[in-house]
Structure formats: structure tokens, C-alpha cells
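J.: Following this message is one structure expressed as C-alpha cells.
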Amino acid sequence: MTAIIDKIKDLKTKRNAVILAHNYQRGEVQDIADFTGDSLGLSQQAAKTKADVIVFCGVHFMAETASILCPDKLVLLPDEHAGCPMANMITLKQLKIKKKEHPNAKVVCYVNSTAAIKAESDVCCTSSNAMKIVSSIPKEHEILFVPDKSLGGYVSSKLNRPMILWEGYCPTHHRILAEHIVKLKAAHPEARIVVHPECTPDVTALADHVASTTGIAKYCKETNVREFIIGTEIGILHRLRKENPQKVFYAITQLADCSNMKLISLEKVLWSLEDMVYQVNVPDDIAVKARLAIQKMLDLS
Ligand code: 13P
Ligand code: SF4
């Protein structure tokens with residue numbers, strides 16, 4: 001492993017590359033990254049990097065977002081098959097039909113979506129700023145929230161703001177069940193329950209805190225409690241345990257494992273830098289429109 005890590009470091013310098021990794025990545029991938037974070041943090045890092053090459057250890061929509069924000073940089077996704085099933089739950093044709101049905105609606109699109117969907121939306125959001133973004137839209141407008149019905153439903157109930165919700169969802173987060181939490185809480189009554197808003201409403205209703213992945217890491221670090229029950233993709237446990245060696249973390253279920261996120265390995269990061277693959281490009285006409293929706297989000301964040 002050390003040999004691979006050394007080679008990655010050498011090539012990174014040679015190519016003037018930066019490695020960005022999502023909080024769900026394999027532990028060893030998180031450990032070699034220059035920055036590990038949530039979707040918002042990663043796009044902010046991409047937007048401000050001085051590197052020529054961005055190696056994106058995450059899924060396709062994240063690399064695409066980086067490419068939209070940095071059209072002059074080379075964005076590499078170490079496995080071209082690392083997609084997000086939720087992002088594929090809405091097509092451009094479907095969105096256009098829905099927009100025609102609701103001509104007064106503003107489209108808020110979760111960043112877990114394709115560039116084409118972003119281009120057809122008014123503003124993007126991530127799980128960490130969704131409340132702020134939705135709140136910024138004047139009350140006289142209807143809101144069409146795509147594609148995550150769970151995040152949309154959570155924001156809608158918190159803000160008491162009705163929204164038209166697309167029927168998409170994250171299959172990984174929907175494997176986390178309320179009954180799992182009830183059992184764990186009975187075994188560890190002192191533990192705080194912390195979950196991601198991609199979970200179902202009966203799961204978020206049981207939580208002490210609901211946040212993005214970086215929000216979860218921040219809460220666990222700052223809260224003076226020893227035990228936490230974690231309801232999100234299990235890759236985050238690596239960061240939580242590393243940052244809080246004195247605390248105990250229980251995954252609600254080991255089934256919350258996103259196989260797409262785990263497609264990226266150290267070897268693939270190395271091959272990516274060796275062969276400069278797989279380049280993620282967004283056609284100009286789509287990128288220009290998608291950038292407006294992403295930039296609006298970054299300005300409001
Ligand atoms: P965040 O890291 O922005 O909370 O996103 C979670 C997620 O599902 C990314 O695929
Ligand atoms: Fe998509 Fe869910 Fe995997 Fe995130 S965890 S990449 S939303 S399938």
C-alpha cells in the first residue's frame with residue numbers, strides 16, 4: 001500500500017493535481033485526499049483550486065459539477081462507472097413535461113442530478129444548504145424540488161412550505177429503517193441519533209440531529225457525548241472514528257453501503273493519474289446553463 005501511496009504523491013506533484021474525496025469514500029482513499037468533504041465543500045474546493053487537474057473520488061455528478069465550475073481544468077473520475085442511481089431517476093424529457101404542468105414553479109435541483117437537469121433548473125442545492133436555498137425563493141412561486149423526495153420532504157416539513165416533490169430517492173439511505181434505530185437506541189440509550197436528510201421521514205423523525213455528511217462530522221466532534229448512532233452511508237464512519245478516537249459510533253445498518261462510491265480504490269486513483277482517465281466533460285451549451293444554477297447556490301451559501 002505504501003508503494004501505491006508514494007506513487008500517487010509523486011504523480012500528483014508532477015501533474016499539479018489535487019485529490020478531492022467525498023466522505024463516503026473508502027478509508028484509504030479519504031486518507032490520501034487533499035480534501036475530504038460533503039458535496040457543497042467539494043464543489044467549493046473545486047471552484048477555488050489552483051491545480052491543473054482535479055481527481056474526483058466520488059460519483060459522476062460530483063465530478064461533473066467540478067467540471068462545470070472549472071471548465072479550464074481537467075477533471076478525472078477514477079472509475080467511469082461510479083454513478084448515482086438517484087441522479088438517474090429523472091430525465092430531461094420528464095422534467096420539461098413537469099415544468100409545463102407548473103409554469104409558475106421555480107425548479108430547485110439537488111446537486112445529485114445530471115448536468116442536463118441542472119441546466120434546466122433555477123437553482124441547485126445540497127443537503128447542507130437546501131433550507132437556505134428554498135427559503136430564498138419568494139412565497140408567490142411554487143417550488144418543484146427534484147429529484148430527491150426525501151430531502152425535499154424534509155425541507156418542506158421543516159420550513160412548512162409545500163413543494164412539488166419528484167419521486168426520486170437514494171436506495172442506500174432508504175435501506176436505513178426506523179426499526180433498526182429503535183433496537184439500537186434500546187441497547188445504547190445514551191447515544192445520540194444522527195442521520196442524513198436522504199433518509200425516509202420516519203427515520204429523520206427519530207433523529208436528534210439531521211445534517212449533510214460534513215454536518216454530521218461537525219456535530220459528532222462538537223457534541224459532548226460518547227456514543228452516536230449514525231444513519232448515513234457507512235463510509236463516513238472512517239472519518240468519524242479517526243476524528244473522535246475516544247467516541248463510539250454505531251452504524252444503523254451495514255446495508256447502507258453505496259456500491260458506486262466504493263468503486264474508487266487507491267489503485268484506480270493511481271491509474272487515473274498515470275493515464276489521465278476518465279475525463280469528465282460537459283458540453284458547453286449545457287455547462288453554461290448548469291453553471292448559473294450552481295453559482296446561484298454557491299452565492300447563497
Ligand atoms: P452530502 O455529502 O452533501 O451530505 O451528500 C450525500 C450524498 O449522498 C452524496 O452522494
Ligand atoms: Fe447516490 Fe445515495 Fe450513493 Fe449518494 S449514497 S451517490 S445519493 S446512491
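J.: Is it the case that ASN104 is touching an Asp or Glu at 6+ places or on another chain (Cβ under 9 Å) and either surrounded by fewer than 16 Cβ atoms within 10 Å (Cβ to Cβ) or more than 22 Å from ALA290 (Cβ to Cβ) (or both)?
T.: Judged against the criteria, ASN104 is a match.
J.: Given the conditions (1) part of a helix (DSSP H, G or I); (2) surrounded by fewer than 16 Cβ atoms within 10 Å (Cβ to Cβ); (3) more than 18 Å from the chain's Cα centre (by Cα), which single one is not true for PRO162?
T.: (1)
J.: Right, something else. Of all residues in the stretch 92-119, count the ones that are over 16 Å from HIS60 (Cα atoms) and in a loop (DSSP other than H, G, I, E, B).
T.: Result for the stretch 92-119: 4.
J.: Okay, next question. Hey, among LEU11, LEU42, LEU77, which residue is of a type in the set (A, V, I, L, M, F, W, C), more than 13 Å from the chain's Cα centre (by Cα) and within 13 Å of ligand 2 (Cβ to nearest atom)?
T.: LEU77
J.: While we're looking at this one, here's another question. How many residues does the stretch 30-65 contain that are assigned to a helix (DSSP H, G or I), within 16 Å of ligand 1 (Cβ to nearest atom) and either charged (D, E, K, R) or closer than 21 Å to GLY215 by Cβ (or both)?
T.: Result for the stretch 30-65: 14.
J.: Hey, among ASP79, ASP72, which residue is of a type in the set (D, E, K, R), within 16 Å of ligand 1 (Cβ to nearest atom) and not in a helix (DSSP H, G or I)?
T.: ASP79
J.: When you scan the stretch 201-291 for helices (runs of 4 or more DSSP H) that lie fully inside it, which ones turn up with 2 or more residues that are of a type in the set (Val, Ile, Thr)?
T.: Of the helices (runs of 4 or more DSSP H) lying wholly inside the stretch 201-291, those with at least 2 residues that are of a type in the set (Val, Ile, Thr) span 201-204, 213-222.
J.: Another question about this same structure. Just to check your reading of the model, which residue among LEU77, LEU11, LEU92 is modelled with pLDDT of 95 or more and surrounded by 20 or more Cβ atoms within 10 Å (Cβ to Cβ)?
T.: LEU77
J.: Taking the residues in the stretch 222-238 that are under 22 Å from the mean Cα position of the chain (by Cα) and aliphatic (A, V, I, L, M) as candidates, determine which candidate is surrounded by the most Cβ atoms within 10 Å (Cβ to Cβ).
T.: Within the stretch 222-238, the match that is surrounded by the most Cβ atoms within 10 Å (Cβ to Cβ) is ILE236.
J.: Among HIS174, HIS180, HIS188, which is the only one that is touching a Cys at 6+ places or on another chain (Cβ under 8 Å) and either within 16 Å of ligand 1 (Cβ to nearest atom) or in contact (Cβ under 8 Å) with a residue 60 or more places away in the chain (or both)?
T.: Exactly one of HIS174, HIS180, HIS188 is touching a Cys at 6+ places or on another chain (Cβ under 8 Å) and either within 16 Å of ligand 1 (Cβ to nearest atom) or in contact (Cβ under 8 Å) with a residue 60 or more places away in the chain (or both), namely HIS174.
J.: Do you know which of the residues in the stretch 14-39 that are under 17 Å from the mean Cα position of the chain (by Cα) and more than 16 Å from ligand 2 (Cβ to nearest atom) is surrounded by the most Cβ atoms within 10 Å (Cβ to Cβ)?
T.: ILE19
J.: Between a first residue in the stretch 249-276 that is touching a residue at least 12 places away in the same chain (Cβ under 8 Å) and a second residue that is buried (at least 19 other Cβ atoms within 10 Å of the Cβ) and aromatic (Phe, Trp, Tyr), which pairs have beta carbons less than 6 Å apart while being 6 or more apart in sequence or on different chains?
T.: PHE249/PHE228; CYS258/TYR24; MET261/TYR24
The values are calculated or read from the model by the stated rules, or taken from the named source; none is laboratory data. Since this is a predicted model, take the numbers as computed values, not measurements. With ideal geometry, Cβ positions are generated from the backbone for all residues, glycine too; neighbour counts draw on all protein chains shown.
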